[in-house]
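As structure tokens, the structure follows; a few thoughts come after it.
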Amino acid sequence: DTIANKLHLQKVSDFVLSPGAQPTKVAVYVPGSKGAPSFVRLYQYPNFGGPQSALANKSFFKADKVTMLWNKKATAVLVVASTEVDKSGASYYGEQTLHYLAASGESAVVQLPKNGPIYDVAWSPNSVEFCAVYGFMPAKATVFNLKCDPVFDFGTGPRNAAYYSPHGHILVLAGFGNLRGQMEVWDVKNYKLISKPVASDSTYFAWCPDGEHIVTATCAPRLRVGNGYKIWHYTGSVLHSHEVPADQEMWQVFWQPFLDGVFPERAVRYQAVPSELPRAEPSPAQAYRPPALRNRPATSSKLHEDEPPQNMKPQLGGSDKPVSKIALKNQRKHEAKKAAKQEAKADAHQGPAQVRTPQNILQNTMPAMTTGDPEVDKKIKNLKKKLKAIEQLKEQAAAGKQLEKNQVEKIQKEAALLKELEDLELGV
């Protein structure tokens with residue numbers, strides 16, 4: 001009959017209770033107004049005595065609505081903040097940002113390497129990492145740790161959803177809705193691809209509590225034709241398929257729930273399990289070709305280059321740690337300075353008659369010498385410009401960018417350009 005406890009916050013528009021055992025925590029969202037930012041605060045029941053009793057606080061602009069996701073252990077919340085309109089005009093779907101908020105008080109903005117919408121964010125059941133699917137299509141998917149550092153980058157692909165298995169040892173990246181239902185099943189302990197099944201026209205996906213099986217379904221009212229469901233093993237085999245008669249509709253499919261710990265985690269299998277149903281291999285969709293080109297040999301032209309998966313986890317030796325473009329640039333500058341110092345020392349020992357090598361020509365920081373011939377000066381300037389462009393391409397390749405054919409050919413011409421530059425400069 002009476003209120004037991006009350007959290008008094010003006011204009012609070014959303015809240016999410018933490019999962020799991022008590023003491024219960026609550027994440028609350030208050031939208032910004034009149035130039036003030038929006039904010040999310042975490043409280044632990046029953047300590048509701050104003051802002052000073054909050055466990056953590058994160059304020060941000062650009063938020064018309066938020067989605068708050070607690071991890072399983074209730075130690076942190078992910079906040080997807082969305083605006084209805086993207087003022088830059090880059091996206092029809094508005095703009096999204098991802099924020100991290102820990103019950104210990106830490107907070108951060110999760111830096112996503114590709115621009116575009118955030119389609120899905122999923123916590124691993126282990127509560128120490130999460131997967132985000134984001135960026136203009138083809139979308140990127142990346143696993144981050146609690147420091148919001150990338151752990152593994154799955155590259156790009158046709159996907160808009162991520163689903164961890166109940167034990168957290170397998171992750172499915174999928175493209176449903178307006179995509180063709182392609183799935184990628186990953187072993188997240190070793191970051192190896194297990195299978196790539198396709199579940200066309202699916203409107204629903206769920207892991208079985210045993211962590212071995214998956215159900216995909218086509219349900220009304222999202223789709224009123226072709227309703228039915230399929231039971232899969234994560235290795236890609238369809239074990240059971242049920243189609244609803246054309247005059248009927250199916251509204252919901254749901255696994256029988258079980259308590260955690262009923263099903264033990266099993267070792268990951270890579271070989272497809274046997275099935276009595278034929279393996280459904282989808283026929284690849286043929287791209288439309290105008291009548292004038294139909295009898296000619298097909299030329300492969302892609303609208304975009306797919307990025308391959310890339311391990312972001314720092315190795316013990318440190319050799320495979322991903323290097324950002326800025327870090328790579330600084331590293332090159334440092335190496336160039338070091339080489340210039342060594343060259344100066346060598347020149348001091350060996351005298352002025354020593355001939356410079358092509359690499360030293362590039363690294364020479366002295367003002368450009370003129371030959372007195374404007375045509376030769378112009379050629380030298382153009383050659384240096386081309387070599388600088390090649391250096392930039394090399395940096396991009398080292399940072400993991402896929403180079404196009406003409407860019408690779410440019411890099412192959414470097415030796416010839418260096419020789420030409422040397423000849424011109426030695427003629428001074």
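Each reported figure results from applying straightforward, stated rules to the coordinates on display, with no laboratory input. Only a predicted model underlies this, so the values are computations on that prediction, with no experimental measurement involved. Counting neighbours? That spans all protein chains shown, and the Cβs are built from the backbone with ideal geometry, glycine included.
Miscellaneous remarks
- Evaluating 6.51 cos²θ - 1.76 cosθ + 1.60 at θ = phi - 60° for every residue in region 196-210, the Karplus couplings come out as 9, x, 10, 10, 5, 6, 6, 10, 8, 9, 8, 7, 6, x, 7 Hz, glycine and proline recorded as x.
- Checked against a 23 Å cut-off, the cross-linked pairs Lys147/Lys401; Lys72/Lys189; Lys189/Lys401; Lys333/Lys385; Lys337/Lys410 give Cα-Cα distances beyond that limit for Lys147/Lys401; Lys189/Lys401; Lys337/Lys410.
- ³J(HN,Hα), Karplus 6.51/-1.76/1.60, whole Hz, each residue of region 130-142, x for Gly, Pro: 9, 10, 10, 10, 7, x, 4, 4, x, 6, 8, 9, 9
- Descending by average beta-carbon neighbour count within 10 Å, the peptides 400-406, 24-30 line up as 24-30, 400-406, the highest first.
- Debye log10 I(q)/I(0) for region 113-250, one point scatterer per Cα, at q = 0.10, 0.14, 0.15 Å⁻¹: -0.33, -0.64, -0.73
- Using a cut-off of 25 Å between Cα atoms, the listed pairs Lys341/Lys388; Lys341/Lys379; Lys11/Lys34 include Lys341/Lys379 as exceeding that distance.
- Long pairs among Lys196/Lys230; Lys58/Lys114; Lys196/Lys405; Lys65/Lys196, criterion Cα-Cα beyond 26 Å: Lys196/Lys405; Lys65/Lys196
- Reachable aspartates and glutamates from Lys62, criterion Cα separation under 18 angstrom, eight or more residues apart if same chain: Asp14, Glu84, Asp86, Glu95
- For region 25-36, the Karplus equation 6.51 cos²θ - 1.76 cosθ + 1.60, evaluated at θ = phi - 60°, returns couplings of 10, 9, 9, 10, 10, 10, x, x, 8, 6, x, 7 Hz by residue, with Gly and Pro reported as x.
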